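Contents: one structure, followed by commentary.
The values are calculated or read from the model by the stated rules, or taken from the named source; none is laboratory data. Note that this is a predicted model, so its numbers are computed, not measured. Quick reminder, even Gly has a Cβ in these numbers, built from the backbone with ideal geometry, and neighbours come from all protein chains shown.
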Amino acid sequence: MIWKNLDAKAMEIPLTSQTEAIVNRYLAMGYTSAASVIEDALLRMDRQMQGETDWLKAEVQKGLESGDAVPYDLDAIVMEADSEFEAGIFDVNSYALPQH
């Protein structure tokens, strides 16, 4: 989608050869100006970051609503993991952070 903003201010933005090649690729695909490519990219990035922020806020809220924190003993956790590893039942994936 090509965005047009009549209130746009002129701004000089230096590009690396890699980002210049990306802009040129989008120009070849039909964008009318480098400014429209950059504007579209920034708006998409902003929406993505807002989505990530919304997800994080929701996860924090879930944590707050899950009840009181339970104390843990790091030494006991490490000992349990060591025992599982020695017994050959340690699953690294079960200790990985959840993916969103």
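Which residues, taken from the stretch 7-40, are small (Gly, Ala, Ser) and modelled with pLDDT of 95 or more? If you could, list the steps in order and put the result at the bottom.
The initial filter retains those residues of the stretch 7-40 that are small (Gly, Ala, Ser), namely 8, 10, 17, 21, 28, 30, 33-36.
Hits for the stretch 7-40 are SER17, ALA21, ALA28, GLY30.
Quick check on my filter: what residues within the stretch 42-80 are farther than 30 Å from ILE22 by Cα and β-branched (Val, Ile, Thr)? Before you say what the answer is, go through the steps one by one.
First, pick out the residues of the stretch 42-80 that are farther than 30 Å from ILE22 by Cα: 56-80.
Correct list: VAL60, VAL70, ILE77, VAL78.
Can you confirm whether the stretch 82-89 contains a residue that is in a loop (DSSP other than H, G, I, E, B), surrounded by fewer than 11 Cβ atoms within 10 Å (Cβ to Cβ) and at pLDDT 95 or above? So that I can check it myself, show each step before the final result.
Step one: of the stretch 82-89, the residues in a loop (DSSP other than H, G, I, E, B) are 88-89.
With surrounded by fewer than 11 Cβ atoms within 10 Å (Cβ to Cβ) added as a condition, the list becomes 88-89.
Adding the requirement that they be at pLDDT 95 or above leaves none.
No, every residue in the stretch 82-89 fails to be in a loop (DSSP other than H, G, I, E, B), surrounded by fewer than 11 Cβ atoms within 10 Å (Cβ to Cβ) and at pLDDT 95 or above.
Residues of the stretch 19-53 being in a helix (DSSP H, G or I), among the polar types (S, T, N, Q) and either loosely packed, with under 12 Cβ neighbours inside 10 Å or in contact (Cβ under 8 Å) with a residue 40 or more places away in the chain (or both), which ones?
Taking the stretch 19-53 first, the residues in a helix (DSSP H, G or I) are 19-28, 34-53.
After this cut, where a residue has to be among the polar types (S, T, N, Q) as well, the list is 19, 24, 36, 48, 50, 53.
Correct list: GLN48, GLN50, THR53.
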